[in-house]
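A.B. asks: If you scroll down you'll find the structure; I have some questions about it.
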Amino acid sequence: MAGLTRIALYIHILLFSLALHGRVVIDMYGRKVTLPDTLRRVIPYDNKTNVLLYPLAGEKMVARARWMRASYFELITPTWMKLREIDTRQAEEVMKLRPEAIIVGAFLDDRTSIEGYIAFAERVNIPLVVVDIDLMRLDKTINFLVSLLGRSERSEALTAFIRDVYHDVATLPPLTGIRPKVYMANDPNGLRTAPRSSRHAQLFDILQVDNVVRSPLEANGFAYVSIEQLLLWQPEYILCVGKGEVNPYRTVLKSALWRSIPAVRQRKVYYVPEDPYSWFDIPPSANRLAGLIWFMELFRGQAKEVTERRIKEFYRLFYGYELSEKEYWKLFEWR
């Protein structure tokens, strides 16, 4: 009888301990993280996590990470704008909100950045969950977040949409002949770019187009090139990336320095939509799905009607916004 009593007491203590400490999960970086059984208050570490977390569990976000001017948040649900915006790198601001977990999207091979995220979480004594931000593994990331935050109709629709886009990519007709030569232009002068080895150029890699820049990486995965180099490389397409005056679209089209480049002569210079987030990158998150859909039209012959339908569905699912026909076409205009 005494033995049974001790066993019962042990089980009671064990159950109490589990209730007190919650559950242990293995995040997508392979770390063990102790969390409450039910997460009700979470915070994204940064903007790339904003984009991923909001459509799945916006009601559980106690704040969103600070980003650009609010004027660029036009094509997104008003409930997004009502979320408190904070500098999530400031320990005091994060601690005041008492989140039960910090969630961060990361490239899993970027050990330096991930160690920085972990160090911050330890400083504020809040559990950190690392999820995979790779564009072609977002379906797995959504499934992981569902296991973390709970299933919903939205999560199933998001996963189905992502897998449909992946299917579109997988069933593209093979490229024949010489691959399209492309260049991503950033900064007001257009000379900041993402070379082949950069994660920021993943869209080019996925669609097997020829990123003309082979320069070594510099700060934050970007590189600076010269007009002379571009004249040698002769890109046939130029994608202009950046918000407002930072976008080089007008410079590339109007400056005499760029006129001899094939993309400019042939009017294949494109403004990459930026509202509410860039279709190309910055931040490198689920927003790039829109770019992937559009680039299948630009480089691989996808029908315009398919692109428009997919983009409108993307905005509805990820941004909670129903794009009108006029708004859709306005996205491609330089502002």
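A.B. asks: For the range 78-134: of the residues being over 22 Å from Gly320 (Cβ atoms) and among the aromatic types (Phe, Trp, Tyr), which is surrounded by the fewest Cβ atoms within 10 Å (Cβ to Cβ)?
C.D. replies: Here the answer is Phe107.
A.B. asks: To continue, here is another question. Within the range 199-217, how many residues are under 23 Å from the mean Cα position of the chain (by Cα) and more than 15 Å from Phe280 (Cβ to Cβ)?
C.D. replies: 3
A.B. asks: Still on this structure, I have one more. Does Arg196 satisfy being under 20 Å from the mean Cα position of the chain (by Cα) and over 20 Å from Trp334 (Cβ atoms)?
C.D. replies: yes
A.B. asks: Restrict the check to the range 269-280 and report whether at least one residue is crowded, with 17+ Cβ neighbours inside 10 Å, within 12 Å of Gly190 (Cβ to Cβ), hydrophobic (A, V, I, L, M, F, W, C) and in contact with a Gly (Cβ under 7 Å, 6 or more places away or on another chain).
C.D. replies: Within the range 269-280 (the criterion being crowded, with 17+ Cβ neighbours inside 10 Å, within 12 Å of Gly190 (Cβ to Cβ), hydrophobic (A, V, I, L, M, F, W, C) and in contact with a Gly (Cβ under 7 Å, 6 or more places away or on another chain)), the answer is no, since none of the residues qualifies.
A.B. asks: Continuing with the same structure: Against the definition (under 18 Å from Val33 (Cβ atoms), in a helix (DSSP H, G or I), modelled with pLDDT under 95 and among the hydrophobic types (A, V, I, L, M, F, W, C)), how does Ala121 come out, yes or no?
C.D. replies: no
Results for (1) under 28 Å from Arg316 (Cβ atoms); (2) in a helix (DSSP H, G or I), shown as yes or no for each residue.
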residue	(1), (2)
Leu75	yes, no
Thr112	no, yes
Asp139	yes, yes
Phe144	yes, yes
Asp164	yes, yes
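A.B. asks: Let me ask something else. Find the residue count for the range 318-335, including only residues that are part of a helix (DSSP H, G or I) and surrounded by fewer than 19 Cβ atoms within 10 Å (Cβ to Cβ).
C.D. replies: Final tally of qualifying residues: 6.
A.B. asks: Among the candidates Val306, Val272, single out the residue that is out of contact with any helix residue (DSSP H, G or I) (no Cβ under 6 Å at 6 or more places or on another chain), closer than 23 Å to Leu230 by Cα and β-branched (Val, Ile, Thr).
C.D. replies: Val272
A.B. asks: Can you tell me which residue is surrounded by the most Cβ atoms within 10 Å (Cβ to Cβ) among those in the range 160-213 that are among the basic types (Lys, Arg) and more than 21 Å from Ala263 (Cα to Cα)?
C.D. replies: Arg199
A.B. asks: So which of Ala263, Ala290, Ala286, Ala303 is over 19 Å from Tyr183 (Cα atoms) and buried (at least 22 other Cβ atoms within 10 Å of the Cβ)? Even if it seems obvious, please write down each step before you answer.
C.D. replies: Numbers: Ala263 fails: over 19 Å from Tyr183 (Cα atoms); Ala290 fails: over 19 Å from Tyr183 (Cα atoms); Ala303 fails: buried (at least 22 other Cβ atoms within 10 Å of the Cβ).
Going through Ala263, Ala290, Ala286, Ala303 in turn, just one is over 19 Å from Tyr183 (Cα atoms) and buried (at least 22 other Cβ atoms within 10 Å of the Cβ): Ala286.
A.B. asks: Of the residues Arg98, Arg154, which is more than 15 Å from Lys32 (Cα to Cα) and either over 19 Å from the mean Cα position of the chain (by Cα) or not in a helix (DSSP H, G or I) (or both)? Before you say what the answer is, go through the steps one by one.
C.D. replies: Numbers: Arg154 fails: either over 19 Å from the mean Cα position of the chain (by Cα) or not in a helix (DSSP H, G or I) (or both).
Going through Arg98, Arg154 in turn, just one is more than 15 Å from Lys32 (Cα to Cα) and either over 19 Å from the mean Cα position of the chain (by Cα) or not in a helix (DSSP H, G or I) (or both): Arg98.
A.B. asks: Check off (1) crowded, with 23+ Cβ neighbours inside 10 Å; (2) in a strand (DSSP E or B); (3) among the β-branched types (Val, Ile, Thr) for Val33 and give me the number that stays unchecked.
C.D. replies: (1)
A.B. asks: Quick check, is Tyr315 buried (at least 21 other Cβ atoms within 10 Å of the Cβ) and under 20 Å from Arg163 (Cβ atoms)? Before the answer, list the steps.
C.D. replies: Details: buried (at least 21 other Cβ atoms within 10 Å of the Cβ): yes; under 20 Å from Arg163 (Cβ atoms): yes.
It is true that Tyr315 is buried (at least 21 other Cβ atoms within 10 Å of the Cβ) and under 20 Å from Arg163 (Cβ atoms).
The values are calculated or read from the model by the stated rules, or taken from the named source; none is laboratory data. Since the model is a prediction, treat every value here as computed from it, not as a measurement. Neighbour counts are summed over all protein chains in view; Cβ atoms, including those assigned to glycine, are modelled from backbone coordinates with ideal geometry.
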